[in-house]
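So the structure is just underneath, and the comments pick up after that.
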Amino acid sequence: MRKKIRKSKKKAPAGRRQAKKTVRRKTKETDIELKLKINAAGSYKINTQVPFLTHMLEQLAKHGKIDIDIKAAGDVEVDFHHITEDIGITIGNAISMSAGNKSGIRRFGSAYGVLDEAVCRVVLDISGRAYCGYGLKPLKKRIGNFDTELVEEFFNGLARGGKMTLHVDQIKGKNTHHIIEAAFKGTALALREALSPGGTGIPSTKGRL
């Protein structure tokens, strides 16, 4: 008789959270449905009603190795403020859910995002404490129909929803589009590092985050 060979089930490395998180945020101003998975392939299906924001979120997904599927509707006839901020909050919520109690993740991430002449530095901490230090100085007030001051609202929302400390600073740059895209790419790379496996246990001397 042939012996049955039992295949051992390999456990996923500590901190490698790949479960897809679903978040729904519905207010009188916006209606957002999001599916997000960290430590993934970086695939995306994004519809925000705001073309420039969609383009930036594609950078976040691709370079952050975060799968993002998002459908967003809002009062864009007023302006893009509410939908931009709320998308930031929603993505942050899903990242926070994915990190769980933070056990096994690196927690800290830092990166330089680059696009041609523009360089931005991003440093973040998946700390459980929301803070955003914003240091971009775009030269143009608008890119197409997008108000560039709303980039700060997105990052504020991301930090608040994700309960993370986030610093985004411009090192150099002349082209406004390049500066903002470099910031998103830097954020993607920093998130990729912070959310990646980094050993066992909660990365804090307090024992919790």
Reduced to Cα centres, the span from the range 40-87 to the range 175-209 in Å works out to 18 Å
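For the pairs K163/K206; K20/K65; K65/K140; K102/K185, note any where the Cα-Cα span goes beyond 19 Å. Write down the numbers at each step before the final one.
Working: K163/K206 17 Å; K20/K65 13 Å; K65/K140 30 Å; K102/K185 23 Å.
Cα-Cα > 19 Å for K65/K140; K102/K185; rest within.
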Label-point separation, K28 to D116 (7 Å along Cα→Cβ), nm: 4.3 nm
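For V122, V50, what's the fewest-to-most ordering of other Cβ within 10 Å of each Cβ?
Ascending number of Cβ neighbours within 10 Å: V50, V122.
Give me the Kirkwood hydrodynamic radius of the chain, using the inverse of the mean 1/r over all pairs of distinct Cα atoms, in Å to one decimal.
Details: mean 1/r = 0.0571 Å⁻¹.
The Cα-based Kirkwood calculation yields 17.5 Å.
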If you take the beta carbon distance between K174 and N145 as r and set R0 to 22 Å, what does 1/(1 + (r/R0)^6) give as a FRET efficiency, to the nearest 0.05? 0.50
If amide H atoms are built 1.01 Å from N in the plane of the peptide, which residues on other chains or at least 5 residues away come under 5 Å of the amide H of Y44? I68
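Given contacts defined as C-alpha pairs under 8 Å and at least six residues apart, what's the relative contact order of the range 21-194, whole-number percent? If you can, show how the numbers build up before the last one.
Working: 445 pairs, mean separation 48.2, N = 174.
Averaging sequence separation for qualifying contacts and normalising by length gives 28 percent for the range 21-194.
We did not get these values from a lab; they are worked out from the coordinates using the rules stated. Being a predicted model, the structure only gives us computed values, none of them experimental. When we count neighbours, we look across all protein chains shown, and the Cβ atoms used for this are built from the backbone with ideal geometry, even at glycine.
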